Amino acid sequence: MRTAVLLFAAGLCVLNITSSLKICAFNVQSFGESKANNKKVMGILLKVLSRCDLCLIQEVRDSKGEAVQALVKALNRFDKSNSYSYVKSERLGRKTYKEQYVYIYRNNMLKVKDHYQYHKLEGEGTNETDVFSREPFIVHFHSPTTLVKDFVLVGQHTCPKTAMKEIDELYTVFKGIYKKWKTDNVMILGDLNAGCSYVTIKGWRAVRLRTDPKFHWLIGDEQDTTVREKTHCAYDRIIVHGREIISSVVPGSARPFNFKENFHLTEEEALEVSDHFPVEVDLKPNHRYLLRNELLSCCGRCLLHV
């Protein structure tokens with residue numbers, strides 16, 4: 001009788017196994033104190049972020065650091081079934097205008113192995129060596145619940161005027177990651193301004209990240225990552241490199257998330273949050289790892305009641 005109860009309970013536990021790991025990138029458009037104090041905006045942001053196991057936030061304008069802390073604290077209250085942490089970049093920008101990259105992640109599912117801020121290159125009075133307006137922020141994650149155990153995320157928000165040049169230079173960033181950590185399982189994501197008037201067909205031919213077939217662009221040129229109905233541009237992208245991570249991508253999962261339609265907002269209400277939709281992709285789970293952990297946990301609970 002006891003064995004039958006345990007087997008039945010274990011079967012129920014298996015049904016609760018996490019299906020995949022969702023990675024997102026969201027340009028929140030000047031996120032700072034004002035938005036953090038807006039209950040309506042924060043409510044929508046929490047619903048968006050709680051869908052993601054890991055999310056890169058861009059355009060964080062938070063000089064005191066209080067807005068990000070408030071966001072993550074609110075997220076932990078909103079989604080009590082998970083525990084969220086964050087890691088952030090330096091404040092970046094060539095002049096007085098500064099932004100940060102912030103990765104918000106579920107620390108019960110992911111661990112940060114290492115991270116670094118891509119450096120500004122020094123040149124002899126030339127701009128050729130200072131390509132990025134906001135240098136990429138690079139984080140090495142460990143994910144025991146997915147088929148690909150370790151991968152690197154490269155967050156980037158390009159300057160519209162130099163978007164193609166910056167996208168091309170991300171190829172050099174990738175080479176540096178491989179040299180440093182000896183891994184090619186890399187995901188590049190963020191608002192690359194990779195659409196509409198900021199890119200040209202001729203220009204794409206010179207972008208190494210585009211011409212090298214080893215880089216898979218998961219968000220296609222035909223996608224729309226903008227909130228305004230009058231625009232249709234694939235500004236925000238997710239690009240993956242590496243056999244393991246490419247094979248771990250859930251087919252058809254890479255897409256923009258239209259929070260305006262999903263949360264039944266007007267365009268005006270959606271624009272209070274951002275003029276961009278987040279982009280997302282799912283990674284396949286490691287069923288063997290999840291099954292083992294779930295059975296151990298479940299059977300331990302069952303024994304207490306048998």
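The values are calculated or read from the model by the stated rules, or taken from the named source; none is laboratory data. Remember, it's a predicted structure, so these values are computed and weren't measured experimentally. All Cβ positions, glycine included, derive from the backbone under ideal geometry; neighbour counts span all protein chains shown.
Observations, loosely collected:
- Unique residue being in contact with a Pro (Cβ under 7 Å, 6 or more places away or on another chain), of a type in the set (Gly, Ala, Ser), at pLDDT 95 or above and in the same structural domain as LEU46 (by TED's automatic domain parsing) when the list is GLY190, GLY155, GLY195, GLY176: GLY155
- Residue that is surrounded by the fewest Cβ atoms within 10 Å (Cβ to Cβ) [pool: residues in region 260-285 that are in a loop (DSSP other than H, G, I, E, B) and among the hydrophobic types (A, V, I, L, M, F, W, C)]: PHE263
- Pairing each residue of region 262-281 that is closer than 25 Å to LEU218 by Cα with any residue that is part of a helix (DSSP H, G or I) and among the small types (Gly, Ala, Ser), provided the two are 6+ apart or on different chains, yields C-beta distances under 9 Å for PHE263/ALA270; PHE277/ALA270.
- In region 54-75, the residues that are on the phi > 0 side of the Ramachandran plot reach residues that are of a type in the set (A, V, I, L, M) with C-beta atoms within less than 6 angstrom, at least six apart or across chains, in these pairs: GLU59/VAL28.
- Flag not set for SER253, criterion: in contact with a strand residue (DSSP E or B) (Cβ under 7 Å, 6 or more places away or on another chain), farther than 29 Å from THR211 by Cα and touching a residue at least 60 places away in the same chain (Cβ under 8 Å).
- Within region 179-206, restricting attention to residues that are among the β-branched types (Val, Ile, Thr) and in a strand (DSSP E or B), the residue that is farthest from CYS233 (Cα to Cα) is VAL186.
- From the options CYS233, CYS196, residue that is exposed (fewer than 15 other Cβ atoms within 10 Å of the Cβ) and under 22 Å from VAL28 (Cα atoms): CYS196
For every residue, the table says whether it meets (1) over 22 Å from the mean Cα position of the chain (by Cα); (2) of a type in the set (Gly, Ala, Ser); (3) over 30 Å from SER143 (Cβ atoms); (4) in a loop (DSSP other than H, G, I, E, B).
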{"site": "LEU209", "(1), (2), (3), (4)": "no, no, no, no"}
{"site": "HIS216", "(1), (2), (3), (4)": "no, no, no, no"}
{"site": "ILE219", "(1), (2), (3), (4)": "no, no, no, yes"}
{"site": "LYS230", "(1), (2), (3), (4)": "yes, no, yes, yes"}
{"site": "CYS233", "(1), (2), (3), (4)": "no, no, yes, yes"}
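- Candidate set from region 138-178 (those that are part of a strand (DSSP E or B) and without any contact (Cβ under 8 Å) to a residue 60 or more places away in the chain); member that is surrounded by the fewest Cβ atoms within 10 Å (Cβ to Cβ): HIS142
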